[in-house]
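What follows is a single structure, written as structure tokens, with notes after it.
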There are 4 protein chains.
Amino acid sequence: MGSRMVRNVLKSGRGVVVHDLDQNATAKLQAEYGAAVVCVNEPSAVGAHKDIWAVVSVLPASQHVKSVLIDGPKSVLAGSKTRDQPLLFVDASTIDPSVAKQVREEIVRAGRGEMIDAPISGGVGGAEKGTLTFMVGGEERAFTQARPLLESMGKNIVHCGANGTGQVAKICNNLLLGISMIGVSEAFNLGMRLGIAPQVLAAIINSSSGRCWSSEVYNPVPGVLSGVPASNDYKGGFGVPLMAKDLNLALGAAIDSKTPLPLGSVAAQVYTLLSQQQGYAQLDFGSVFKFLNESNHLNKK
Amino acid sequence: MGSRMVRNVLKSGRGVVVHDLDQNATAKLQAEYGAAVVCVNEPSAVGAHKDIWAVVSVLPASQHVKSVLIDGPKSVLAGSKTRDQPLLFVDASTIDPSVAKQVREEIVRAGRGEMIDAPISGGVGGAEKGTLTFMVGGEERAFTQARPLLESMGKNIVHCGANGTGQVAKICNNLLLGISMIGVSEAFNLGMRLGIAPQVLAAIINSSSGRCWSSEVYNPVPGVLSGVPASNDYKGGFGVPLMAKDLNLALGAAIDSKTPLPLGSVAAQVYTLLSQQQGYAQLDFGSVFKFLNESNHLNKK
Amino acid sequence: MGSRMVRNVLKSGRGVVVHDLDQNATAKLQAEYGAAVVCVNEPSAVGAHKDIWAVVSVLPASQHVKSVLIDGPKSVLAGSKTRDQPLLFVDASTIDPSVAKQVREEIVRAGRGEMIDAPISGGVGGAEKGTLTFMVGGEERAFTQARPLLESMGKNIVHCGANGTGQVAKICNNLLLGISMIGVSEAFNLGMRLGIAPQVLAAIINSSSGRCWSSEVYNPVPGVLSGVPASNDYKGGFGVPLMAKDLNLALGAAIDSKTPLPLGSVAAQVYTLLSQQQGYAQLDFGSVFKFLNESNHLNKK
Amino acid sequence: MGSRMVRNVLKSGRGVVVHDLDQNATAKLQAEYGAAVVCVNEPSAVGAHKDIWAVVSVLPASQHVKSVLIDGPKSVLAGSKTRDQPLLFVDASTIDPSVAKQVREEIVRAGRGEMIDAPISGGVGGAEKGTLTFMVGGEERAFTQARPLLESMGKNIVHCGANGTGQVAKICNNLLLGISMIGVSEAFNLGMRLGIAPQVLAAIINSSSGRCWSSEVYNPVPGVLSGVPASNDYKGGFGVPLMAKDLNLALGAAIDSKTPLPLGSVAAQVYTLLSQQQGYAQLDFGSVFKFLNESNHLNKK
């Protein structure tokens, strides 16, 4: 996803300083765009570079954001100590909202600039086409400053509120998504067991009060929609372990804020279990339908 | 709901023979429509009436459908034993699909005609305006025969498949609806606890993958939408005990067919508990948000 | 289990009239005990036999109890119509308490005698040694009459109350057992993942407030106890599908009585899913530990 | 609990240096024991005191342990920087196992001594009588050194393994306890709804496979046992919010280690909700029975 986003920044006429563990990816970018791309070996070298004003990070989890951005001598923050100008940190990773706030506070306290959290939705396809949605948490001024940069990579740039609320929006949406997908899978699996054709059930649900994105746009039952992972053996799409990660972020935030999640907590267990089941870790999260439904086949024997 | 449906049948130029435990309701109908309305004291008198060809029933639960339609000397079936012509039974109640099939089999076995299950969605408003949806399970011929009658009361008449599948469609939709509403409530409650405004979160979710009827059309957070129960102290709408009933129908059907419902089973417990909590039994099922959120207020003290 | 129970009745000096779908089993009994054993081909022939005063049934599920005892011309009830003397029906199956009451009412209404529900615990081992527990629901008089017969097969004969309460006691115990076993599996799996040896954890739990039969007597972690299914590849013991059946009986009774089961409902889903997983249907219900723990291995790869 | 533990240390002939936010408590101790008790105003003053060799802490949660023991200039660690001799830190709080390990590492890295985690079970009564159980995680040498001190306060001192495993043992036991208590409450509530007397059900369960501490020793149904919170309006005992805290610790550790907790996650939601229900926050955790059962009363009206 990262290199697709960088491409869109480059297309907007901006130059970039890039660091990636995958050096092939950065070498390829440089071959393609020449002097507009500077490859460096450490996050600190990004932060130390004189010609940049913003740092965009897309990382797997909270601990990577902390280690790349603020912890230790190789971090962006450490590198930035030699600069005169402040930096705008734009973290597009999906992480714990409280970590997002904590990282931002450390950057501000160190007097190195500002930070916004700006997690993404829209998937690899959206990254490619530059139609991503960014959910942004942070100060109004920082948001305004970042907006043109974000618009080079995405289409829908929403200011959600104070620092952390970008992450909050992302994990609350995905909490609901993860629940809906299991709900759709249960409803269709039960209906089919009781003798209704999935296409008929989809037509009814999609024009009734059960209507939701997981049924209408991304139906998990093979053959109901074309062009979705369910109709391609659950290949591509949004992987089970990623959904497990997002639901566990929501559950962790719920524990910290003493907020009850009667369904979200169970949904998190379902994806956690599924991501550890043989053959599911590589599949789209709609494969929860397959999991419930394959059981039926075993049952019928 | 029943008398609103009868009015629409009468408006279509048909006469009716009515039985209702609430004799005021039937008296009122007769005063209004005169000879087109015949009031009788027992279900059997409906079945025995020479001038009818179809019997429409809307009853609270499986046991009522059995006792009114087929069990004992006062049932419609008992009354119908004196007729020459077969009857078409149209049961618009929401009940266990296996009971729907069993009642139909008994009617067919007795040689008294055919039956379709035709549960309704669309609420009291839809009944009044004649815009109900009927989800119909039954033989093609019976469906075709019933269609004009159903069209006098509803707008969307869907043939779902064999007997019982009308009920299946209804309970599968409501299973998903019940899950979605709790999911929306959890996501908004968590988000608000973590500092995002519900209107902002609604805007994001409704244009993203968490989008669903419960968030977009019937949002359970007071003030997000106008004209919904949540913005009127959860008055009106679809009551908590009705949702508990429908989810327990789904759970019962799942037990019978050995189908796992990891979220549906928990959702059923939530509404069962809620329908027994002081002050919730009279509220719309979106009050599950209030339940989760009021807890927060207690917590903050 | 049935033939082991019959043997104990025969050892007590009583004669028996037996019916079993497995005719080898009954033939073997007759070869062994001669004239004390009469084999018959239909349940009705049991009920019609002049020399008996009690009928003991052990059947898989509610529908079998209804069909063998009261429904149709081949039932025990039908056969008993020719007798002068009343019969005492002793149903040792585990079934829905409301069905137990309904079957009993039909027998009493037909004037053919009395019935008690007397489900068993203690397993195949207890049946062999005659150390079963019978949980009895029914009239005091019927209980007193049945007691000597039950004592020939079991050690612990408990009168639980009115008809149906024997079933209630059985399913409530097994509801708690099914929950405890998953709880133990979760606690040990989590502990082991976090680095504690299962033997050490068992020693602590078994002398502390987590102590329960599932941990102390029937621990599901291989190697913690010897002589239990967990230490024999989960062979023998109480099968996953049987636990699924009992939890679903509890869940069905909870639906009928509008009683919330927040954990029981989830436990029922776990065993339902597990009984449909490849390789688990034949295993002891403690294999829920294996299911949770094998996932870990996949995870570690 | 703390001052009861201090008293037992004093009774064993040892002197103590105490710090407590509640200065009345420490003043009282000093009045009673004179020179054997030294009261100080900051944790750092404890660490700096020349005459001590061990520091015992009992604190509410992870963040307090970090702030009292290692963070900032007022921490015990900061105070200890002036000493020659190493200290043995004994943390008897119940906290996140990973925090326990992290705090210990910081102490060792600072060269200030060793630490063991030694959470307690046995309640206020056990603290008073000196019959507590300590579950100890840490190096063999540190365990051996601490043992006589722990024996002055408790009866059962168990070495669970490496650092953190004391916490693991505690939260795994309480995870199982929290699940069992809800399981017992569901089973008894369902049984009573279906007509069995709780004393009869207790007798059966306690001699059968449902047997557990929550039913046998601490039954949550009023009147089944005397001398337990359930028979005293759920006063005293182990509060709902404490159980919520421990289950959420288990759930947090499960998230970090990607371990599924199908029942534990729901149990955590139940206690989280309950601790926020009007009138439950002050009650023993067995009041989950009251919660499920009061609903019934509402239902019956």
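Which part of region D:281-295 falls in the paramagnetic zone of D:LYS235, meaning amide N under 14 Å from the point 7 Å along Cα-to-beta-carbon? Taking a point 7 Å out along Cα→Cβ of D:LYS235, the residues of region D:281-295 whose backbone N falls under 14 Å are D:282-284.
With +1 on the Cβ of every Lys and Arg and -1 on the Cβ of every Asp and Glu, and nothing else charged, how large is the dipole of region C:60-154 about its Cα centre, in debye rounded to the nearest 20?
220 debye
For B:ARG147, inter-copy separations between label points set 7 Å beyond Cα along the Cβ vector come to 5.5, 7.0, 8.7 nm, shortest first. Note that chain D carries a Kirkwood radius of 20.7 Å, evaluated over its alpha carbons pair by pair. The Cα atoms of region A:1-80 cover 32, 26, 20 Å along the three principal axes, with the biggest extent listed first. Of interest is the spacing of the C-alpha centroids, which for region B:178-194 and region C:261-286 amounts to 29 Å. Determine, at each q value in 0.13, 0.19 (inverse angstroms), the log₁₀ of I(q)/I(0) that the Debye formula gives when each Cα of region C:195-273 is one equal point scatterer. Relative scattering, expressed as log10 I(q)/I(0), comes to -0.54, -0.93.
Panel order for A:CYS160, A:CYS39, by other beta carbons found within 10 Å of each beta carbon, from fewest to most: A:CYS39, A:CYS160. Each Lys and Arg Cβ is given +1 and each Asp and Glu Cβ -1; about its Cα centre, chain C then shows a dipole of about 240 debye. Shown for A:SER12: label points 7 Å from Cα along the beta-carbon vector, and their distances to the equivalent points in the other copies, 5.8, 6.5, 8.6 nm in ascending order.
Residues whose amide H lies under 5 Å from that of D:VAL56, counting only those 5 or more places away or on a different chain, are D:VAL90; hydrogens are built 1.01 Å from N in the peptide plane.
A helix-only calculation puts the protein assembly as shown at -16000 deg cm²/dmol for mean residue ellipticity at 222 nm, using -39500 (n - 2.57) for each DSSP H run of at least four residues, averaged over all residues.
Exceedance of the 25 Å cut-off in Cα-Cα distance is limited, within the set B:LYS74/B:LYS101; D:LYS50/D:LYS74; D:LYS28/D:LYS245, to D:LYS28/D:LYS245. Taking 16 Å as the straight-line reach from the Cα of A:LYS290, the aspartates and glutamates in range (excluding those fewer than 8 positions away in the same chain) are A:GLU186, A:ASP233.
I need the per residue convex hull volume for region B:177-222, using only the alpha carbons, in cubic angstrom as a whole number.
65 Å³
Normalised by the number of residues in chain B, the average gap of Cα pairs under 8 Å and 6 or more apart makes the relative contact order 12 percent.
When chain C is turned onto chain A, the axis of that turn runs closest to one Cβ of chain C, and that residue with its distance in whole Å is C:VAL266, 3.
Where both partners of a DSSP beta bridge lie in chain B, what percent of those bridges are antiparallel, to the nearest 5? Expressed as a percentage, antiparallel bridges in chain B total about 15. Neighbour counts of C-beta atoms inside 10 Å place C:ARG104, C:ARG83 in the sequence C:ARG83, C:ARG104, starting with the fewest. Ordering B:THR26, D:THR144, C:THR131 by the number of other Cβ atoms within 10 Å of each residue's own Cβ, fewest first, gives D:THR144, C:THR131, B:THR26. Can you compute log10 of I(q)/I(0) for region D:2-162 with the Debye formula, treating each Cα as one identical point scatterer, at q = 0.14, 0.20 Å⁻¹? Evaluating at q = 0.14, 0.20 Å⁻¹ gives log10 I(q)/I(0) of -0.66, -1.46. Taking θ as phi - 60° and the Karplus parameters 6.51, -1.76 and 1.60, the scalar couplings of region D:221-234 work out to 8, x, x, 6, 10, 9, x, 10, x, 4, 8, 9, 6, 6 Hz in sequence order, x denoting glycine and proline. For region A:2-162, the dipole from Cβ point charges (+1 on Lys and Arg, -1 on Asp and Glu) about the Cα centre works out to 260 debye, to the nearest 20. With the biggest extent put first, the Cα atoms of region A:123-233 measure 57, 26, 23 Å across the principal axes. Straightening the chain between B:SER3 and B:GLN278 buys 95.9 nm, computed as 0.36 nm per residue apart minus the Cα-Cα spacing. For region B:168-300, what Kirkwood radius comes out of the mean inverse Cα-Cα distance, in Å? By the Kirkwood definition, the hydrodynamic radius is 15.1 Å.
In the protein assembly as shown, the convex hull through the Cα atoms has an average projected area of 52.5 nm², a quarter of its surface area. Counted over region A:2-162, the DSSP beta bridges are approximately 15% antiparallel.
Using a 7 Å projection from Cα along Cα-to-Cβ, the label point at C:ALA110 is separated from the same position in the remaining copies by 2.3, 8.2, 8.5 nm, smallest value first.
Bear in mind that the values in this text are calculations on the coordinates, not laboratory data. The shown structure was predicted, so the numbers you read here are calculated from the model rather than taken from an experiment. Methodologically, a virtual Cβ is constructed for each residue, glycine included, from the backbone with ideal geometry; neighbour enumeration extends over all protein chains shown.
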